[in-house]
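The values are calculated or read from the model by the stated rules, or taken from the named source; none is laboratory data. Owing to the predicted nature of the structure, the values given are computational and were not obtained by experimental measurement. Using ideal geometry, Cβ is built from the backbone for each residue, glycine included, and neighbour counts are taken over all protein chains shown. Heads up: the accessible areas ignore ligands, DNA and RNA and are worked out on the full protein's heavy atoms, side chains in. Shrake-Rupley method; radii C 1.70, N 1.55, O 1.52, S 1.80 Å.
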Amino acid sequence: ECADGDIRRLDDPEGLIELCVSNTWARLCVDSLGQSEAEVACQQLGFSAENASIMSSGVNETSVILTSHTKCSGEENKLFDCLSSSVPVLSRGSCDYSALSCSALIVSLTQENYTVGEGDGSVTVCAVINQNLTRVVVVRLATVEAAVPNAGLNQAKANRDYTNTTTQLIFRSTAGQQLQCADITIIDDTIFERTETLLVVLSSLDRGVQLDPQYAFITILDNDEVAVQFATASNVVGEQAGSVSLCLEKIGEAEVDFEFKLTTLTVTGDNAAEAGKDFVPVNETV
């Protein structure tokens with residue numbers, strides 16, 4: 001069962017085409033189709049007319065055959081519209097059946113890696129299509145958080161590090177429409193972070209469109225700082241106290257752990273304390 005005017009291109013044998021006539025799938029003889037018919041058929045299937053061609057499928061088994069004459073001007077939307085007879089004729093027999101070769105439309109991200117500073121505001125991601133168009137092509141572009149492989153703590157978080165984005169890139173037949181771009185907003189916070197990564201993905205329900213490359217990584221460079229200082233500039237302690245506590249304070253927010261060295265140094269002068277005699281030297285990671 002099929003609807004009149006539908007067309008299908010088989011995978012086995014590769015490229016063999018069938019046209020639905022009177023709710024029946026019918027094969028077409030290779031000598032009944034030419035370049036214009038190939039272009040109309042490819043566009044009907046969602047492919048580009050560029051480099052469309054008809055060739056022999058190498059199959060000649062007995063089947064339902066369309067015997068009506070087919071002649072396209074190239075302006076038709078369907079191969080069915082090219083039939084010269086208002087009442088197409090089917091018969092059962094065999095011939096050298098037609099196979100159809102179509103070139104896929106390829107939409108590609110122009111870069112696979114982007115780098116942006118946290119304070120830059122946004123990053124522009126672009127995609128390009130490989131051919132001039134005779135129809136509109138719509139591709140979905142989306143930011144993805146969970147799909148970043150092995151990101152760990154470096155995984156950027158949606159709506160915290162960047163604005164979660166899903167948008168359509170629309171390629172039209174108008175000249176100069178082969179490049180489409182979208183802006184991904186980067187959120188500038190005041191938290192010290194590691195370098196973070198997110199993923200941008202292209203997707204399409206259009207069977208005539210291939211996506212390659214389909215993925216791009218965006219690396220966000222942090223612009224925040226965090227500092228550590230002693231809580232008091234000087235401390236006084238009695239020799240008999242046994243020890244003195246030095247307190248540190250962090251200035252600024254941080255979502256990651258960090259470490260530093262705490263070391264005692266001997267100063268010069270008549271009243272300088274001597275390491276090992278007046279105090280136990282300290283050299284440790286905090």
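What percent do you get for the relative contact order of segment 2-156 when only Cα pairs under 8 Å and 6+ apart count?
Numbers: 291 pairs, mean separation 34.8, N = 155.
Result for segment 2-156 is 22 percent.
Looking at segment 7-82, which trypsin sites (Lys or Arg not before Pro) are in a loop (DSSP not H, G, I, E or B) and have at most 16 other Cβ atoms within 10 Å? Before the final figure, lay out the partial values.
Numbers: sites: ARG8, ARG9, ARG27, LYS71, LYS78; in loops: LYS71, LYS78.
Filter output for segment 7-82: LYS71.
At a probe radius of 1.4 angstrom, the accessible area of the chain per residue rounds to 58 square angstrom. Modelled this way, with points 7 Å down the Cα-to-C-beta line, the labels at SER53 and ALA142 are 3.8 nm from one another. Cβ screening of the chain for cysteine pairs under 4.7 Å finds these without a partner: CYS247. Selection among GLN180, VAL87, VAL139 by position relative to the dipole of the chain gives VAL87 as farthest towards the positive end (Cβ unit charges, Cα centre).
Cut-off 15 Å, label point 7 angstrom out along Cα-to-Cβ of THR67: give me the residues of segment 85-115 whose amide nitrogen falls inside. Under 15 Å, as judged by backbone N against the label point of THR67, lie 85, 87-96 of segment 85-115. Which value in nm describes the separation of the simple spin-label points at GLU225 and VAL244, placed 7 Å from the Cα toward the beta carbon? The answer from the label model is 2.8 nm.
Ranking THR124, GLY269, LEU10 by Cα position along the charge dipole of the chain, where only Lys, Arg, Asp and Glu carry charges on their C-beta atoms, puts LEU10 farthest toward the positive end.
Taking VAL244, VAL64, VAL87 in turn, the Gaussian network model of the chain (Cα-Cα springs below 10 Å) assigns the largest fluctuation to VAL244. To the nearest Å, what is the center-to-center distance of segment 164-203 and segment 208-249, using C-alpha atoms only? That distance is 30 Å. Principal-axis analysis of the Cα atoms of the chain puts helix 35-44 at an angle of about 50° to the longest axis. Our estimate of slack between THR115 and THR195, defined as 0.36 nm per intervening residue step minus the Cα-Cα distance, is 27.8 nm.
Within the straight-line cut-off of under 30 Å between alpha carbons, the lysines reachable from LYS261 are LYS250, LYS277, sequence neighbours fewer than 8 places apart in one chain being disregarded. Each Cα pair under 8 Å and six or more residues apart adds its separation to the average, and for segment 220-286 the resulting relative contact order is 28 percent.
First measure r as the distance between the Cβ atoms of GLU1 and ILE106, then evaluate 1/(1 + (r/R0)^6) with R0 = 30 Å and state the FRET efficiency to the nearest 0.05. Show your work: numbers first, answer last.
Numbers: r = 34 Å, r/R0 = 1.12.
FRET efficiency, GLU1 to ILE106: 0.35.
Placing +1 on the Cβ of every Lys and Arg and -1 on the Cβ of every Asp and Glu, with nothing else charged, gives the chain a dipole about its Cα centre of roughly 1200 debye. State whether segment 29-102 is rounded, prolate or oblate according to the following rule on the C-alpha gyration tensor (a ≥ b ≥ c being the square roots of its eigenvalues): a/c under 1.5 gives rounded; otherwise a/b larger than b/c gives prolate, and the remaining case gives oblate. Oblate shape, in that a/c is at least 1.5 and b/c is the bigger or equal ratio.
Return the FRET efficiency for the residue pair LYS157, TYR215: r is the Cβ-Cβ distance, R0 is 22 Å, and the value is rounded to the nearest 0.05. It would help to have the intermediate numbers written out before the result.
Details: r = 19 Å, r/R0 = 0.85.
Here the calculated transfer efficiency is 0.70.
Bridges between two residues of the chain, per DSSP, are antiparallel at a rate of about 80%.
In terms of the Cα gyration tensor, with a ≥ b ≥ c the square roots of its eigenvalues, is the chain rounded because a/c is under 1.5, prolate because a/b exceeds b/c, or oblate? Before the final figure, lay out the partial values.
Details: a/c = 5.63, a/b = 4.24, b/c = 1.33.
The shape class here is prolate.
Working from Cα pairs under 8 Å separated by at least six residues, relative contact order for the chain is 15 percent.
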